[in-house]
Structures are given as C-alpha cells and as structure tokens.
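S.K.: For reference, the structure I am asking about is given below.
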Amino acid sequence: MKFDVEKIRQDFPLLKKFLKGRPYIYFDNACMSLRPQAVLNAEKEYYEQESSCAGRSVHKLSEEVNRRIEQVRKLAARFINAKSEKEIIFTKNTTEGLNIVARGWPFNEGDKVFITDKEHNSNLVPWLVLKKEKHIILKVIPSKSNNVFDLETFKELIEQERPRFVSLGMTSNLDGVTIPTEEIIKISHQYGALTMLDAAQAAPHQKIDVLDLDVDFLAFSGHKMLGPTATGILYGKKELLDKLDPLLTGGGNLETSFYDSYKFLGAPQKFEAGLQNYAGIYGLGEAIIYLEELGFDNIKKQELELNKFITEAISNFPQVKIIGPKDPSSRGGIISFHIDDFDSREVALMFDQLSNIAIRSGQHCVHSWFNHHHLSGSARASFYFYNTLEEAKIFVETLEKILKLK
C-alpha cells in the first residue's frame, strides 16, 4: 500500500467528523486506535450473514464461522511469526492474556518475578496478588533518570537474584520508550528465567517476530491496533502452554466432564472458555491485514515526524515538562507531559474544548510510577499513522493558547 495519509484518512469514519464546524483531532491512540471501514464491515458481516456459534454445531453457518475464526488465528500467527497457530489464543485484551499466564503458571513460594518500574497495572497487580496469595517475591527494576531501561542494573540483579519469570512492557504507555527486548530475553534465558512481554503498545507500531526474539509469552490487544474492543492475542510456546492452567473453565475448553472429573482440550481451546467474540475476531483479522499492507516502516515514519515537530515546539516552553527521553525517536508516537501550575485533567479538557483535540490525562494505569515520583498525573498525546502535520500544528497552537491562560 502506497502511503498517502489523506487517502488513508478516508478509510476512517471518525476522521470525517466535525464538531461545531471544526474537525475532530484524535491524539489518544495509546488508549485506543480508530477503526477503518474494513474492520467495521467485517463485524457487521458476522452479525448480518453468519451470526452463529463456532465449534459447537455442524450446520453451514457454524462451519463458516469456525473456518473464519481459524483463518484469523493463522493471520495472527503470521503477524508475529509464531511457529504454529496452535500457539495463538484469543483473549479480550492484553490484561486477560497477562493474567492467564500469571494465574496459570505453577509458581511456588519464594519464586522471583522481575518487572520494571513503569509497568501498566495489568503487568503489576497480578504479580502483587501472587505475592499475597502464593508468597512469590516481586522485584522492580528501576529505570535510568531519563526513564530508559537500565540494562546494566538488570544484568547485575538477574545474576544475583535468579528469577523464575521476567515480565516486561515492551513499549511503555507512559512515555513511549521501548526496552532492548532481544538483549533482555537472551540474558533472562541465560539465567534460566522465562520471559513474557506486554506488547499492547508495541504491536500496533512495530514488527514483532516471536521466533527471532525467542520470547516465551507475549500478549497484545486488538483495540490499540485498529481492531475491535474486547479482542486480543496471547502467544505462548506450545510446550509452555501445556503447563498452564486456564484462567476460566466451562463450555468450549473441555473435551469431556463427569460428575467427579473433567478433561481439558489442548491449547489454544483450553484457554478459550465460553462463547467467543466472533464479530470482534472477524474485525481483528481485517485490522491485521490492513497493518500488514500499510507496513510498519510507514507507520514509524509518520509517527516520528509528528513527535519531532511537537517536541521541538514544546522545547520553547520551559513550563512544559516531557516525561522520558528528550529525543523523540526514543518515545515512538507518545508525548507525555505536565505543565507547571496546571492539572493534567484541566489541560486535556482545554484541548478538547478549544480545538476538538482528544488527548489522555491522569496516571494512565501506571499509578505506581506517578505515586513514586510524587506526580498527580500527566497529559498524553499519542499519534498514529492517520494523524497529520496539520493536526500537530493545531495542537501546538492550542498549547500556546492554554499557556497564556495562567
């Protein structure tokens, strides 16, 4: 697909929306991306033409749904270069995927788990629960002063502590920083640790190759990468999925049951209890196809252009502080910032009211980091390939107006 941002924008209905005579500018992509018409059409197709259960019935509608679901499973395997589609589990989101692994792995008292100091609650709280229930030991790896991953400290700690699991956010939703994933996984395996990646912020923006990384588990969400809400993927090496207990049990993940016993199906069905979000999975398949045709090089180039422009403009305002590295190329499509004497919610509301610009405010589900640094929150602008330089200029103009209010 040739990259033409104006043509691409025609694929997204919400970008045609006007409020009070002004276009709507969507800079909240780290929370949730917009959806192209192809994704919306795929969901509609399920409900209008094939609305039925998969894997439970033998009639034509059910067989077609089953075929489509397995087709998307193969697409997802190709998307991350998994060895087999049997290593692809459909979930509601990254949160569910991370919890399946944390709650399903046979941890023992005293087992150690490493995370970073910038983890989303979905990769923090499950481990805190296990700390309370199973008495595991949770170790938080501190970042450098500029929020970049401290590889040397990690090397020292893993040699000393010998954790059983290393579970890290691949790209931070706080500041857009991506960790040196390949090196971390290699070091972790050298010391006998299993690895899991929260790829919610990575999968929409960069090519992921699970075989090349040699990662043991990886989870990401559909709603951040053009897909419907309540869709996601958990990848796991087959031999490790066989050792996991499912998070949920019931219809769909059992081979059989008796009044006193049961037998689970193998992966991936073992982890897909209950009726699945078939319409959402249809849409997720279209989202994957769209991203593959667009190409991640085009996505990165567009995001970096916008981040560079806004970062350079912000550097002229000393009262505006960017969280993370100064170099925009180290922050992907995210600018998280706070302004002296302004509350982040107040800032987000003014962007919305003055210019129809949607950004995020608050602690971005990384409460632990903000509490540790004694910050109430930040405003966060996050871009995707359909955002434009003209929108970035309006953002800067609006920021200037806001700063003049105090």
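The values are calculated or read from the model by the stated rules, or taken from the named source; none is laboratory data. In this text, all values refer to a predicted model and were calculated from it rather than measured experimentally. Backbone-built Cβ (ideal geometry, glycine too); neighbour counts: all protein chains shown. Remember, those area values only see protein heavy atoms, side chains included, never the ligands or the DNA or RNA. Shrake-Rupley method; radii C 1.70, N 1.55, O 1.52, S 1.80 Å.
S.K.: Shape of segment 8-154 from its Cα gyration tensor (a ≥ b ≥ c, root eigenvalues): rounded if a/c is under 1.5, otherwise prolate when a/b > b/c, or oblate?
M.R.: oblate
S.K.: To the nearest 20 Debye, how big is the dipole of segment 95-202 about its Cα centre, given +1 on the beta carbon of each Lys and Arg and -1 on that of each Asp and Glu?
M.R.: For segment 95-202, the charge dipole is close to 280 debye.
S.K.: Around LYS393, what is the net charge, scoring Lys/Arg as +1 and Asp/Glu as -1 over all other residues with Cβ under 15 Å from its Cβ?
M.R.: Charge balance near LYS393 sits at -3.
S.K.: Placing +1 on the Cβ of each Lys and Arg and -1 on the Cβ of each Asp and Glu in segment 113-221, which of ILE136, LEU211, ILE184 has its Cα farthest towards the positive end of the resulting dipole?
M.R.: ILE136
S.K.: For a quick check: with amide H placed at 1.01 Å from N, whose amide H comes under 5 Å from THR195's, ignoring anything fewer than 5 positions away on the same chain?
M.R.: VAL166, ASP216, PHE217
S.K.: Relative to the Cα centre, what is the charge dipole magnitude of segment 40-292, using +1 at the beta carbon of each Lys and Arg, -1 at the beta carbon of each Asp and Glu, and rounding to the nearest 20 debye?
M.R.: 300 debye
S.K.: Show me 374-382, 13-21, 205-213, 168-176 ranked by packing, highest mean number of other Cβ atoms within 10 Å first.
M.R.: With the highest mean Cβ count within 10 Å placed first, the list reads 168-176, 374-382, 205-213, 13-21.
S.K.: Got a sec? Charge dipole of the chain, +1 on Cβ for Lys and Arg, -1 for Asp and Glu; which of LEU240, VAL72, TYR24 is way out at the positive end?
M.R.: Among LEU240, VAL72, TYR24, the one farthest towards the positive end of the dipole of the chain is TYR24.
S.K.: For a test of the definition: using alpha carbon positions, the gyration tensor, and the 1.5 limit on a/c, classify the chain as rounded, prolate or oblate.
M.R.: oblate
S.K.: Further, regarding this structure: HN-Hα J couplings of segment 77-85 from phi, Karplus 6.51/-1.76/1.60, θ = phi - 60°, integer Hz, Gly and Pro as x?
M.R.: 4, 5, 4, 10, 6, 6, 5, 8, 5
S.K.: Something else now. For segment 246-262, in order, what is each residue's ³J(HN,Hα) by Karplus, 6.51 cos²θ - 1.76 cosθ + 1.60 with θ = phi - 60°, in whole Hz (x at glycine and Pro)?
M.R.: 3J(HN,Hα) across segment 246-262, in whole Hz: x, 6, 10, 10, x, x, x, 10, 10, 6, 6, 8, 10, 5, 10, 6, 7.
S.K.: For the pair SER257 and GLU182, how long in nm is the line joining their label points, each one 7 Å along Cα→Cβ?
M.R.: Going from the SER257 label point to the GLU182 one covers 4.6 nm.
S.K.: Could you derive backbone 3J(HN,Hα) for segment 183-199 from the dihedral phi with the Karplus parameters 6.51, -1.76 and 1.60 (θ = phi - 60°), listing whole Hz in sequence and x where the residue is Gly or Pro?
M.R.: Once rounded to whole Hz, the list reads 5, 4, 5, 4, 5, 4, 5, 4, 9, x, 8, 7, 10, 9, 10, 8, 9.
S.K.: Using a 1.4 angstrom probe on heavy atoms only, work out the carbon and sulfur share of the accessible area of the chain in %.
M.R.: 50 percent
S.K.: Let me ask something else. Given H placed on each backbone N at 1.01 Å, which residues far from THR91 in sequence or on other chains put an amide H within less than 5 Å of it?
M.R.: GLY232, ILE233, LEU234
S.K.: When ranked by the protection proxy of mean other Cβ atoms within 10 Å per residue, highest first, what sequence do the peptides 387-400, 85-98 form?
M.R.: Packing order, densest peptide first, comes out as 85-98, 387-400.
S.K.: Could I ask something else about it? For the chain, what is the accessible area per residue in Å², given a 1.4 Å probe and the full set of protein chains?
M.R.: Each residue of the chain exposes 45 Å² on average to a 1.4 Å probe.
S.K.: Using the Cα gyration tensor of segment 199-297, with a ≥ b ≥ c the square roots of its eigenvalues, what is the shape: rounded (a/c below 1.5), prolate (a/b larger than b/c) or oblate (neither)?
M.R.: It comes out oblate by the Cα gyration axes.
S.K.: May I ask you to list the chymotrypsin sites (Phe, Trp or Tyr not before Pro) in segment 257-344 that are in a DSSP loop and have at most 10 other Cβ atoms within 10 Å of their Cβ?
M.R.: Answer by residue number: PHE258, TYR259.
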